[in-house]
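Peer 1: Structure provided below as structure tokens; questions to follow.
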Amino acid sequence: MTLDLEAEQALVVRLKRRDEAAFNLFVRAYQAKVFSLVQRMLGNRAEAEDLAQEVFITVFRSIDSFRGDSRLGTWLYRVAINHCKNRIKYLDRRVTRGHDALDEEGGKALTEGGPVMSRPDRPDEAMHGTEMGGVIERALGLLEEEHRALVVLRDLEGLSYEEIMTITGLPEGTVKSRLHRARAALREAIERGLGYKLPE
Amino acid sequence: MLTDDEVRDLFSAYHDRELSPERNDAVRAALDANAALKREYDAFVRMLAGLSAMAAASEAPLPGVSPPQPHDPAKPADAPDLLGGVQRRLQKRSGGKFYGDGWSRLAGILPLELLATLVLIALVVAYAAMTMVSTRPAPAPAGATAPSAPR
């Protein structure tokens, strides 16, 4: 579903009146995109479903703060990304505490080495194999949230630099340099996961 | 002339066509001149293609956001319906003001104290009415005379 600018403005007016029918329309229009973004950021379907709902609740509550400086979709992405960063930090803290507990119980070996990624039989076909998708997904999960957000927004969601600047609040030069570092970090993570350099 | 590391730093911008024409030409020349560097760049591009391949199905672009580019992946096709869950959470957190039935909407609009007072008043009125009915003397049967005083 695509809304033109006029329809979007009308929708925003209704949303600011807390019109439930308009909000239903809004959720149906954007839920697939929001869920997709959140799932790619979190890498966990159940967490993503929970967080995507929270994103819409935040929109319902704080739509008054939307001034129309950007398109509604871009603003929604911003809300979603902020939620994701907070959730990732929360989950990381929880995992760290869990690991600490395991360490205390002598279970350190279970947590060492990071995610397990199997090596394909045919390295030359790795980039084209179905396994590669899983390797990339796991590697994405190893990136720090700022890098992950940039890769997801640019390379998975296909947003323009301008949109990413609006969503992240970063200047253009910073977006470009951080995206480059993020992609480099992703490549390293993939190679670590595969256990060898990407095929050349 | 760019060094190999400088070229590597420009891989992203070169791929995204974000470089100035001069810079773009310089990177291209460096890649043409250095086969190893070119292989590195090709691997980098394949990695980005791998990201794109994560797309499961294409769908309409997000309203307000630019349409997908050729290398862009689309969204998973099995996105859940979030509306019911969002409505339930909003109903619960707003105390029934939003997405509630008649009673919960009323509870959401009126302060709890006021609602409790109204319920109390209703109970008192009901109790008073019942008490009045039970203490009222039964009507005398027709033709009956008042009892005479004892002699």
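The values are calculated or read from the model by the stated rules, or taken from the named source; none is laboratory data. None of the values given here were measured: they were computed from a predicted structure. All Cβ positions, glycine included, derive from the backbone under ideal geometry; neighbour counts span all protein chains shown.
Peer 1: Which ones in segment A:59-113 are modelled with pLDDT of 90 or more and β-branched (Val, Ile, Thr)?
Peer 2: A:Val59, A:Ile63, A:Thr74, A:Val79, A:Ile81, A:Ile88
Peer 1: Same structure again: For segment A:52-77, name all the residues that are more than 7 Å from every other protein chain (Cβ to nearest Cβ) and assigned to a loop (DSSP other than H, G, I, E, B).
Peer 2: Selection gives A:Phe66, A:Arg67, A:Gly68, A:Asp69, A:Ser70.
Peer 1: Sticking with this structure for a sec: Collect the residues in segment A:156-187 that are among the acidic types (Asp, Glu) and modelled with pLDDT of 90 or more, keeping them in residue-number order.
Peer 2: Listed by number, the residues that qualify are A:Glu162, A:Glu163.
Peer 1: Ok, one more. Could we say that B:Glu18 is of a type in the set (Asp, Glu) and in a helix (DSSP H, G or I) here?
Peer 2: no
Peer 1: Then there is this: Checking the structure you have, find out if any residue of segment B:117-131 is at pLDDT below 90, part of a loop (DSSP other than H, G, I, E, B) and either more than 29 Å from the chain's Cα centre (by Cα) or closer than 30 Å to B:Asp5 by Cα (or both).
Peer 2: The answer is no; no qualifying residue exists.
Peer 1: Listed residues A:Val34, A:Val95, A:Val38; which is part of a helix (DSSP H, G or I) and loosely packed, with under 14 Cβ neighbours inside 10 Å?
Peer 2: From the options A:Val34, A:Val95, A:Val38, the qualifying one is A:Val95.
Peer 1: Regarding segment A:135-150, can at least one residue be identified that is modelled with pLDDT under 65 and more than 24 Å from A:Thr58 (Cβ to Cβ)?
Peer 2: No: segment A:135-150 contains no residue that is modelled with pLDDT under 65 and more than 24 Å from A:Thr58 (Cβ to Cβ).
Peer 1: Scan segment A:159-193 residue by residue and report those that are in contact (Cβ under 8 Å) with a residue 24 or more places away in the chain and at the interface with another protein chain (Cβ under 8 Å from one of its Cβ atoms).
Peer 2: A:Leu159, A:Glu163, A:Leu179, A:Arg183, A:Leu186, A:Ile190, listed by residue number.
Peer 1: Can you tell me which residue within segment A:13-31, out of those that are among the basic types (Lys, Arg) and facing chain B (nearest Cβ under 10 Å), is surrounded by the most Cβ atoms within 10 Å (Cβ to Cβ)?
Peer 2: A:Arg18
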